[in-house]
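Below is one structure, written out as structure tokens; the observations come after it.
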Amino acid sequence: MPFLTRLFVKTALIYFVAALLVGVLLAARPVLGLSGVVAGLTPVYFHLLMVGWLTQLILGVAHWMFPRFSREAPRGRDWITWTIFGLLNAGLLLRVFAEPALNSSGAHMWGWLLVLAALLQWVAGMAFVVHLWPRVRGH
Amino acid sequence: MPRPSVWLIRSALIHLALGFTFGGLLLWNKGMPIHPLLWRLLPAHMEFLLIGWTVQLAMGVGYWIMPRFYAYRGDVRPVWLAFVLLNGGVWLVGMSGTLAAPSWVILAGRACELGAAAAFAAHTWPRVKPMALAATHRQ
């Protein structure tokens with residue numbers, strides 16, 4: 001298993017646990033009377049699962065298992081995959097902190113950080129699609 | 001990679017690109033409001049990423065890697081039917097929320113997705129087997 005795949009899959013596993021931890025917090029809020037900030041974590045919960053866990057796991061496995069890009073560079077350009085990893089995780093982590101902070105404080109700074117989170121994740125998604133596309137081909 | 005897998009996985013990648021674009025716009029709009037109508041993209045964002053991306057990718061990879069009957073993967077027609085029904089269903093469900101279409105359109109979309117699942121399951125069922133059964137099935 002290539003290093004980048006191990007990185008994607010292990011990071012995905014951390015998000016998997018983190019997402020279910022947030023799920024426990026959401027379920028515990030009415031029982032334990034936790035702060036209203038916790039209620040605002042619902043979108044964070046879904047995106048930790050769908051982007052952090054599932055999509056990132058797919059990215060890692062696709063990087064490893066899909067047909068070769070070329071004989072010289074079987075998995076395409078590694079620096080692009082590194083960039084995708086960095087942008088996706090920076091964007092997702094930024095969202096995890098900025099979204100609840102915006103909900104609770106309403107400060108403009110958090111709004112702009114959320115815009116930055118959107119841009120980082122969008123660029124990562126587009127780069128992944130463009131980079132993987134030539135490897136999705138017949139014999 | 002067989003041709004139906006190429007089509008399913010490329011379509012999944014297109015849905016990933018569209019779903020991330022809608023998601024990016026929604027998150028931007030949450031941080032720095034652009035237009036209230038952008039919230040209408042939420043059903044398309046969810047449908048494209050849940051069914052159009054993850055489910056369709058699983059179908060494409062499943063058709064590719066499930067055990068074969070020697071070099072033969074079985075009748076391919078149900079897989080093409082599943083491809084058409086799934087993509088039709090995703091667009092009907094996703095865009096009906098965005099365009100405020102009548103609820104029967106969502107029902108039709110969900111019915112298409114059910115048909116896709118049934119067709120894909122019918123094709124895949126006999127391929128879920130121990131490797132030793134390959135020769136028996138061919139006889």
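The values are calculated or read from the model by the stated rules, or taken from the named source; none is laboratory data. Remember, predicted model here, so these are calculated numbers, not experimental data. A quick note on method: Cβ atoms are made from the backbone with ideal geometry, for glycine too, and the neighbour counts reach across all protein chains shown.
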When you check A:TRP133 against the structure, is it in a helix (DSSP H, G or I) and more than 9 Å from every other protein chain (Cβ to nearest Cβ), yes or no? no
Scanning the stretch A:1-19 for residues that are at pLDDT 95 or above, over 13 Å from the mean Cα position of the chain (by Cα) and surrounded by 14 or more Cβ atoms within 10 Å (Cβ to Cβ) gives A:LEU4, A:THR5
Which of (1) away from every other protein chain (no Cβ under 12 Å); (2) closer than 18 Å to A:VAL44 by Cβ is the odd one out, the single condition A:ARG77 does not satisfy? (2)
Qualifying residues in the stretch A:101-129 (those that are more than 17 Å from the chain's Cα centre (by Cα) and more than 9 Å from chain B (Cβ to nearest Cβ)) - the one surrounded by the most Cβ atoms within 10 Å (Cβ to Cβ): A:ALA101
Scan (1) at pLDDT below 95; (2) small (Gly, Ala, Ser); (3) part of a helix (DSSP H, G or I); (4) touching a Lys or Arg at 6+ places or on another chain (Cβ under 7 Å) for the single condition A:ALA101 breaks and write down its number. (4)
Hits in the stretch B:13-22 (condition: more than 9 Å from every other protein chain (Cβ to nearest Cβ) and closer than 29 Å to B:ARG77 by Cβ): B:HIS15, B:LEU18
Flag if A:VAL38 is outside any loop (DSSP other than H, G, I, E, B) and over 12 Å from the mean Cα position of the chain (by Cα): yes
Residue match in the stretch A:18-33 (condition: in a helix (DSSP H, G or I), among the hydrophobic types (A, V, I, L, M, F, W, C), within 17 Å of A:ALA90 (Cα to Cα) and away from chain B (no Cβ under 14 Å)): yes
